[in-house]
Amino acid sequence: MPTLDIKEKSFHGTLAAGGLAGIVEGSIRAGELTLHTVFPGVVLTLIGAFLGGFTGFFLKDLFRTWRGAKPYRGVHHDGWTMGAFLGAVVGTILQVASSSDGANLVIGSIVGAYCGAVCGAFPDEFITPILLRIRAEKHRHTPAEERH
């Protein structure tokens, strides 16, 4: 069975963060467990993440062309997906901490995913080679070598 790469893991994590924020916010407002607020939380968080990735790559290309370098064409997209996941989680946690009644958790998830994706787009070309080296180093050691 093939394993998920970091983009897929981060995408699913962003879905989960938005969905959980939607469930908790909807349950707080309704006073009981509501599952119909999962979809809006997921969709709005993903929209925030994609807009953040677009904005980050746009700003990155803008800064590169101002310096005279050729524009970066995102190939791997590991950086902004990882940033979107981390931003959605941190944004939701910060919104929980800052609100007295736990309201607007989806807003925290959206803003966090947007900011995380913008910040993750800038180091995007450096993230994938680092991840490939980590994976190669991890698979280079076999269990037989670790026992000796």
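The values are calculated or read from the model by the stated rules, or taken from the named source; none is laboratory data. Keep in mind the model is a prediction, meaning the values are calculated, not measured. Glycine gets a Cβ as well: all are built from the backbone with ideal geometry, and neighbour counts include every protein chain shown. The protein model used for the area step is the full one, side chains on, heavy atoms only, and it has no ligands, DNA or RNA in it. Shrake-Rupley method; radii C 1.70, N 1.55, O 1.52, S 1.80 Å.
What is the pair-distance distribution P(r) of the chain, computed from all Cα-Cα distances in 5 Å bins starting at 0, with each bin given as a whole percent?
Reading upward from the zero bin: 2, 11, 16, 17, 14, 12, 10, 8, 5, 4, 1, 0.
Give me the 1.4 Å probe accessible area per residue for the range 1-55, excluding ligands and nucleic acids, in Å².
For the range 1-55, the solvent-accessible area averages 60 Å² per residue.
What are the DSSP H helices in the chain that stretch 27 Å or more along their long axis, judged by alpha-carbon atoms, and whose average Kyte-Doolittle hydropathy comes to at least 1.0?
Correct list, ordered by number: 38-67, 78-98.
Output the relative contact order of the chain, whole-number percent, from Cα pairs under 8 angstrom with separation of 6+ residues.
28
For the peptides 54-60, 11-17, what is the packing order when you average, over each peptide's residues, the other Cβ atoms within 10 Å and list the highest mean first?
So the order, starting with the most tightly packed, is 11-17, 54-60.
Order these peptides, 107-119, 88-100, by their mean beta-carbon neighbour count within 10 angstrom, highest first.
For the peptides 107-119, 88-100, the packing ranking is 107-119, 88-100.
Would you please give the residues with an amide H less than 5 Å from that of THR34, counting only those at least 5 places away or on a separate chain, with H modeled from the backbone geometry?
SER27
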